[in-house]
Structure formats: C-alpha cells, structure tokens
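The values are calculated or read from the model by the stated rules, or taken from the named source; none is laboratory data. Source: prediction; values computed, not measured. With ideal geometry, Cβ positions are generated from the backbone for all residues, glycine too; neighbour counts draw on all protein chains shown.
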Amino acid sequence: MSWKILKSKKKKKNAAPKPLSNQKQEQSSLFTSVKENEKEFRSIYSDCSDFILRPFLIGGKYDAILLYIEGLSNTDEIDDSVLSPLMEKNENQNDIQIGSLVKSQVAVSDVKELQTFEDCIQAISSGNPIVLVDKYKTGFSLGLTKWEKRSIEPPEAEKVIRGPREGFVETLAVNTSMIRRQIRSPKLKMQSMEIGKYTKTKVIITYIDGIVDHTLVEEVKNRLKRIDIDGILDSGVIEEFIEDHPYSPFPQMLDTERPDTVSGNLLEGRAAILVDGSPFALIVPTTFYSFLQSNEDYYSRFLIATAIRWLRFIFIIISLLLPSLYVALLTFHQEMIPTALLISMAASREQVPFPAIVEVFIMEITFEALREAGLRLPKQVGSAVSIVGALVIGEAAVSAGIVSAPMVIVVAITGIASFTVPRYSAAIAIRMIRFPLVLLAGTLGLLGVMLGLIMIIVHMSTLRSFGVPYLSPMAPMKLSEMKDTMMRAPWWKLNTRPHLTGDYNKYRQSPEQKPGPNKGKQ
Amino acid sequence: MLEKGKISAIQLIILLYPTITATAILVLPATTGSFAKQDMWLSPIWASTFGYLSIFIAYALHKYYPQKTLIEYSEKIVGMIPGKLIGFGFLFFLLHTNGMNLRDYGEFVVGNFLQKTPIIVVVLSMAFVCAITVYGGIEVLARSSQFFFPVFVVLFLFIIVLLIPVLNPKNILPVMGEGLTPSIKGALIPSQWFNEFILISFLLPYLNKKKNAFKWGVLSVSLVMITLVITNLFSLLLFGDITSYFTYPFMDAARYISIADFLQHVELIVMALWVTGMFIKISVFYYAIVLGTAQWLGLTSYRPIVFPIGFLLVVLSIWVTPNLQKLTEFSSTTWPVYAFVFQMFIPVSLLLIAMLRKKKSN
C-alpha cells in the first residue's frame, strides 16, 4: 500500500529521539571511607524525605551506616536482627574481619555484597536496607523488604462460579508465588528483567522448560529488551510495545488476573509476562478463540462447557451483527421480515422521526456511554445511573416517540450479548467494530454487512500473535485442536497440547483414561 | 520467490471449490438447461472431465517445474519471447475474465437487491475488499476463504434442504430421452468453468506438502461436480422445462421457500452465499493476475501492483459489456472458445513441448 511507504518516509524525516538507555551509566564503586559514602548518598538522595540514613558504631568501635527507605523495609526486623546485634559491645571483635562480622552477627537470611553505588541504589529502592562499614569497600544489602500491599482477593474482571478464586495483586513476588504454588516443578522458569529508566519496573517472563518453544521465549525477551521508555506502570503499556499489529482493534495478547489461567496456558506451551505493580499478566501467543474461553469451561462438566461455548459464539455474532442487521432489514430488505412482525414494527416506528440508522446510532452510543459511566462511578451514584438508564432511555424515550420499542430491544440484546464475551479487551473490540458495520448496513444494506464481515475476517486472517495465526485453529484449520475450541472435549480426551510454533511437546497425559465402573478391573 | 507464504492441501481445495462453484450455482441451470433440457443434471458430470484434465495438466507441468507458476515456466518451455507472449495472453485472459466475474457479481446485486445503487459502487466495494485480501498474500487469502468455506457450504445446504418439500420428481423424466447428445451439448459451457481449475498452477508451487497435491485436486473437482449436479437437479425438479428462462434459477428457487409462514424470502441467503463465493473467486483470480504480472515483469514484490490492478479490474468490469444481456450472450457464445484457447490449448501445448524437450535431453 502506497500510504505505508509515505508513512515510512515521514518517519525518516523526523529525527529519531535519542534512545534513553544508550546514555551510558557509569559504574562507580563505593568509597573506602564511610564518611565519603555517607556524603555521596546524601547528595544522591537529597530532598528525599523518605530516605533514612542511620550512622552507628559496630561494637562501639567501627563507624557504619544503615540506609533504607521508609515504608519499604521492615523496621522491626532492622532493629532486632541488624542494629541490636551489631551495636552490642563485644571485646573479642578486635581482630575479626568486619565483613565476616556482619555475616556472623546479622540474623538475616538473604545478605548480598555490593560493590557499586548503582547496585546499592537499586537495592535500597527495592526495599533492601544497606549496611556500609568504614574502611571496607563492600556494602551489604539485607533482604528485609516489607511494604504495604493489597491482600489476595477474587479477581474482579474474571469471576467464576467454580474454580480457584484468588487473583493476582500488585506485588510481583506474591504473583509469582501464586503460580509457583500451582506448578511446583523446577521446570517452571522465571526470567526477570528491568524496564523503565525511572520506574525500574521488574518484569518476569515465565514458562515451563520442556513444553515451551524456546524461540518463543527468545522472541519475547528480544521484544521486551527493545522497549526504551521512562516508566512502565501496567502490563498494558508493555502490551502495546510488543504486539505484532499495533493498528489492529483486536487484542493480540491475553491479559488475565487469574493465576490458574496463567498456569493453564503455561502448561499448553505458552509464555506469560508478569509486571511488577500490575495485577494483569500477559499471555503470548494468543489466538482469537482464547478470548472466547473462560476458565470455568475447564472446571465444569464438558457437555455444559461445550453448550456454554456455543452460547457465547452465538451471542458474539449477535453482539456484532444485530444492530446492523436491524438497520439493513428495515432500510433495504423489508420483505425478509415476516408480515405480521413487519406490521407491528412499522406501527411502533410510525411516530419515530429518525431513519433506522440514526436511531441505532443514538441508542447504541447512549448505551456505550451508560456502560462507561457506570464503570467509573462510585457504587452509591451507580444505582442512580442505572435508574436513569432504565427509565429514561428505555421507557420514556419510547413513549415520547423518539425511538421505537423494537430498537430498545435490539440495543438491550446487543448489550447483554457483548457481556457474554469473557474477556473485556475482546468484548470492547467487538463492540466498537459494530459501529462501522451499522454504517455499512445503512448504505449498502445486507451487502454492506457481508462486505464488512469479509473485511473483518480478512483483517483477522492477517493477524499473528508471536508467529501464531490469530484465527487458528479455524483458519488455518487444525482438526485435532477443534476439540478445545468449537467444543470442550472431556479432559480424558484432551491428550495433546495445541501446536503453536516450532517443535513442541505433544502429549500432555496418557491416553485411554476414560473412566467407568469397569475401569481397571479386567 | 515472490510469495513466501505456504498453503496446505485443504486450503487448496477450499480456494478452488468456491472459485468454480460461485458463479456456476447461480447461472449454470439456465445455461445448461437451454441445451440439455431434462438431462441438464448430467451435464456437469461430462463437463467435469475437463476439470480432471486441467488438474492433470497443471500437475504434470508442476512436476517438471515444481517451483514455478504457468507464467514462469512458459518462458522456460518455449523460450523468452514466445513465453512472454503466452504469459501476456494468459494474464490478459485472466484479467478480462475477472472483469467479467466482477461485472457478473455487480449485475446480480444491482439487479436483485440494490436496484437504485450505481453498479460502480457495488463493484468498487468488492474490488477493494479483494484488493486488501490479495495484498495480504496467499496465506491471508487461504485463511479467510477457509473461514468462509463452512459458511458457504452451510448456506448452500440450508437452501437445498428447505427446497425438498416443493420438488416435483417427475420433471427428471425421461432420462436421456434423446440420447447423450443434449446433455453433452449442455456440458460445453460448463466445461470451460471446470477448466478454470488451471488456476491451480498458480497455487501448486506454494503447497507445503506436495505429496498428495494431485489427489486433493481431483477431490476438489469431484466436490465441484457433485455440487453442480445437485444445483442442476434441484432447479430441474423445481422448474422443469422452464429453468432456462430464468437468469438466476437458483435464486428464484430460493424464493419458493416458505416454512411456517415465518421463514420466507430467504433469497438474501442466496446473496450472502453469492457474495462470499464471489469474494473468494474474484480474489483467487485477482491473486493469480497480480502474482503472474509481477513474475511476468520480473518485479521483486507483487504488493505495489495490487491496487493499480484493482483499479484496472474495476474499469474492465465496466468496459467488458454494456449490459447483462450482452454479458450473458458473450459468456455463452464467444467466451467458451476464447477460454478454451487459454485454459486448455495453451497448457496442453506447453505440456507437450515440455515432454518433447525432456525426451530430447534424455
């Protein structure tokens, strides 16, 4: 496409801003004198009222300082296990090396030796207090991190009736521990890196060695390494930096708050990206069908789960097409509507001054606004909005003759249908796409809807998420994987993992585990 | 190679099946009916032999030049300048035929559904959608048609099943009352639709597993034949002798469907069927044209010429005929001969020359 070429030319004209992280940070090692170190740290942390620097004497003789940030470290532990044993006067300490003294006297399990200011700063900002001793060029970082955090709660956006109820929190260590509790094998790997010049956010790529395709892990790491930004506050920021098709409305990564979703996907050979400070993990690669699946599908009985999946498929089509079909039928193809229905529809539309397409736009946009308003409002005000929505928009608008009653039904069904999509990011994409479809329906009728649908499918066919076609296993068709997309086969039939890319570990369980009364007797 | 994508054998079938059936299901009963009368359901069977032949020729040529399309190997077989000439002729034929396809589609939509819409809008919107698909490459084309194939089949079966109550089995009699001749005469025009299977030569080089290519091609032809026999049979059983007087018998057949006073006027489903089918058909032709032109000109990428050729297609669809009647006349008189030259005569001669050359070099 020529406009792409134009765009790339434009990009070249704008001088690219200098990459941030290429400005080399000099590694400066700690001074020998504790006074100099103290001065240096005071100047680094000038105007930081939460920075605490406590000079003290080890055994009443040697100068030392303790550094930490208020609220990030466990002060009780610092007092009990660090300061009091070190400050205790002991006459025999004369000849002992101070390094080993700190190690022998401090009752902390995680002690690291640091040589440079940069390492010390990093340790302090992640909550590890530092002890620096005079005449000694090494600092000791003590693993006494403790800060206030949210307790584990049921995930708000992905509720289930059956299945684990814990959701991720903002603390990375808690999140990784929740995954580790589900997958105990040391084959569960977690590689960490830091992104963000100022936020220094810890990002973890997790996968199961032996199931995952290693080129995928490499690709994820490479893409993450390319991110050069001042700060990462949520995994959503990372998502936009590493996705394959930035201009697509469709999400190309699954975001989830649920540890069991992450574990389930890891077991299928995917990788997950966890970001410190974000309760949402990203799962790659993802296909469109993953957005239509809920965790519960795997925990409830397979027949029910299959039926529910089909219900979702039908309602996704409804949420995408119903308003545009309504417009197309009412504007262009009235003959398709059975006569009795047509008469009652015509009767209710008699007073309405707008053409169907305008009516649909008014109502659909109002509905979206109601949804958006209801999302952010405090609970007390939220009920007021719903009353206004139900009464004014439902009842009053119809009796005032501004919209017709069938239109309200269409909008209501569309709204409900769009909430059957288990993932918000996919549901909102589908909801937004229906507006252009309504426009097409209003201009070209059913033909426009067909063309719009074809465009959407063609667009989805071009998408790939980390090398996996977005519409797979439907297109390209993989019959063996239909067992977990079009239906949910019973667990004893789900013997093979889905094939994503490259080599893969095919079998997830031994075959022929179908239960029955005569099983194992023979 | 210009195209880096790969398609699977199933995708090959799914690309070729609607390519042939899309136009055929709507128009075939009328064209065969005028020659074959009540034997018209036999005609697709005779016509399909040309489909098998096309597959065979394309496959045999593919064996000699596994990595090349028809445009490329024609140069290898008959030399630079004659090869280029053949290539140009073939591309022109494809372009012209696709212009006719596009016009066919436009005439159908405007004639039956959107009477007041200018045909250029209808044609342009379809060409735009196809252009985006072709721009995406063979994989996108294959995947999107794979997604629509079940829709196509389900809608077709939907209409067929609903038609069963209104059929009159006596219309089929007498079977071969005047011998084989009428049904063979009726097979002449559809035979050229089956010959469109020569397009497989543009897809074969990009097959990921070449082992069963021939088998899949044959299966594809058989599927098309069965579909067309069913279409003809149902139109015949419904309308009898008058089938040939309709422009789109299958469409008019759908108008007969009325279930419980609720499910009626399902001809819109025929339109949905036709639009999805035509989308794949036009895209496959379009892709062959774009790929062939890029190879013919020796370009490094076919993407820059996708949209220019799209515009050419749109104007061709307007230039190709002044109205539907002329188009129908052209496609049932001149086109079969014209198509035979490019779809059968040229590939067969290429194959013969290639075989002779092979023998000589041995």
**Study point:** Condition check for B:A47: surrounded by fewer than 24 Cβ atoms within 10 Å (Cβ to Cβ), touching a Pro at 6+ places or on another chain (Cβ under 8 Å) and among the small types (G, A, S)
**Key:** no
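Evaluate region A:308-323: report whether one residue or more is under 21 Å from A:V398 (Cβ atoms) and among the hydrophobic types (A, V, I, L, M, F, W, C).
Of the residues in region A:308-323, the ones under 21 Å from A:V398 (Cβ atoms) are A:322-323.
Narrowing further to those that are among the hydrophobic types (A, V, I, L, M, F, W, C): A:322.
Yes, some residue in region A:308-323 is under 21 Å from A:V398 (Cβ atoms) and among the hydrophobic types (A, V, I, L, M, F, W, C).
For the condition at pLDDT 85 or above, out of contact with any Ser or Thr (no Cβ under 7 Å at 6 or more places or on another chain) and more than 11 Å from every other protein chain (Cβ to nearest Cβ), what is the one hit in B:E107, B:E139?
On the way: B:E139 fails: more than 11 Å from every other protein chain (Cβ to nearest Cβ).
Of B:E107, B:E139, the one residue that is at pLDDT 85 or above, out of contact with any Ser or Thr (no Cβ under 7 Å at 6 or more places or on another chain) and more than 11 Å from every other protein chain (Cβ to nearest Cβ) is B:E107.
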**Study point:** Condition met for B:K358 (modelled with pLDDT under 90, more than 23 Å from B:G111 (Cα to Cα) and out of contact with any Lys or Arg (no Cβ under 6 Å at 6 or more places or on another chain))
**Key:** yes
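Looking only at region B:290-305, how many residues end up being more than 8 Å from chain A (Cβ to nearest Cβ) and either under 14 Å from the mean Cα position of the chain (by Cα) or over 21 Å from B:S317 (Cα atoms) (or both)? Working first, answer last.
Keep residues of region B:290-305 that are more than 8 Å from chain A (Cβ to nearest Cβ), which gives B:290-302, B:305.
In the following step, the residues that additionally are either under 14 Å from the mean Cα position of the chain (by Cα) or over 21 Å from B:S317 (Cα atoms) (or both) were identified as B:294-302.
So the answer is 9.
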Check your understanding: So which of A:R258, A:R180 ends up being surrounded by 14 or more Cβ atoms within 10 Å (Cβ to Cβ) and free of Cβ contacts under 8 Å to residues at least 12 places away in the same chain?
Key -> A:R180
Study note, to complete from the structure: With the first residue restricted to region A:54-65 and required to be closer than 16 Å to A:T32 by Cβ, and the second required to be among the aromatic types (F, W, Y), Cβ contacts under 8 Å at 6 or more apart or on different chains are A:A64/A:F56; A:I65/A:F41; A:I65/A:F56
Study note, to complete from the structure: Residue pairs within 9 Å by beta carbon, gap of at least six or interchain, first lying in region B:203-216 and without any contact (Cβ under 8 Å) to a residue 12 or more places away in the chain and in a loop (DSSP other than H, G, I, E, B), second aromatic (F, W, Y) and surrounded by fewer than 20 Cβ atoms within 10 Å (Cβ to Cβ), listed first then second, are none
Revision key, fill the gap. B:T276 passes all but one of the listed conditions (1) among the polar types (S, T, N, Q); (2) over 27 Å from B:L102 (Cα atoms); (3) within 14 Å of chain A (Cβ to nearest Cβ); the exception is number (2)
Check your understanding: Within region A:468-522, restricting attention to residues that are within 29 Å of the chain's Cα centre (by Cα), surrounded by fewer than 19 Cβ atoms within 10 Å (Cβ to Cβ) and aliphatic (A, V, I, L, M), which residue is nearest to A:H214 (Cα to Cα)?
Key -> A:L494
**Study point:** Of the criteria (1) over 23 Å from A:L330 (Cβ atoms); (2) more than 9 Å from chain B (Cβ to nearest Cβ); (3) crowded, with 22+ Cβ neighbours inside 10 Å, which one A:I457 fails
**Key:** (2)
Review point. Failed condition for A:V421, given (1) touching a His at 6+ places or on another chain (Cβ under 7 Å); (2) within 30 Å of A:D297 (Cβ to Cβ), with all others met?
Key: (1)
Practice item. Among the residues of region B:115-139, count how many are of a type outside the set (F, W, Y), in contact (Cβ under 8 Å) with a residue 24 or more places away in the chain and at negative phi. Key: 13
Study note, to complete from the structure: A:K483 passes all but one of the listed conditions (1) part of a loop (DSSP other than H, G, I, E, B); (2) among the basic types (K, R); (3) under 30 Å from A:H245 (Cα atoms); the exception is number (1)
**Study point:** Listing of strands (runs of 3 or more DSSP E) fully contained in region A:238-349 that carry 2 or more residues being of a type in the set (G, A, S)
**Key:** A:271-275
Practice item. Give just the number: which of (1) within 30 Å of A:N495 (Cα to Cα); (2) in contact (Cβ under 8 Å) with a residue 12 or more places away in the chain; (3) of a type in the set (A, V, I, L, M, F, W, C); (4) more than 14 Å from every other protein chain (Cβ to nearest Cβ) does A:V360 not satisfy? Key: (1)
Check your understanding: Among the residues of region A:295-345, how many are touching a Gly at 6+ places or on another chain (Cβ under 9 Å), within 23 Å of A:G269 (Cβ to Cβ) and surrounded by 16 or more Cβ atoms within 10 Å (Cβ to Cβ)?
Key -> 3
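Considering each residue of region B:314-329, count those that are surrounded by fewer than 24 Cβ atoms within 10 Å (Cβ to Cβ) and assigned to a helix (DSSP H, G or I), and give that number.
Just the residues of region B:314-329 that are surrounded by fewer than 24 Cβ atoms within 10 Å (Cβ to Cβ), to begin with: B:314-316, B:318-329.
Now drop any that are not assigned to a helix (DSSP H, G or I), which leaves B:314-316, B:318-319, B:324-329.
The qualifying residues number 11.
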Point to revise | Those residues of region A:385-399 which are of a type outside the set (D, E, K, R) and surrounded by 11 or more Cβ atoms within 10 Å (Cβ to Cβ), in sequence order | key: A:V385, A:S386, A:V388, A:G389, A:A390, A:L391, A:V392, A:I393, A:G394, A:A396, A:A397, A:V398
**Study point:** Neighbours by Cβ (under 8 Å, 6+ apart or cross-chain): first from region B:304-318, touching a residue at least 40 places away in the same chain (Cβ under 8 Å) and of a type in the set (F, W, Y); second surrounded by fewer than 18 Cβ atoms within 10 Å (Cβ to Cβ) and assigned to a helix (DSSP H, G or I)
**Key:** B:F307/A:S2
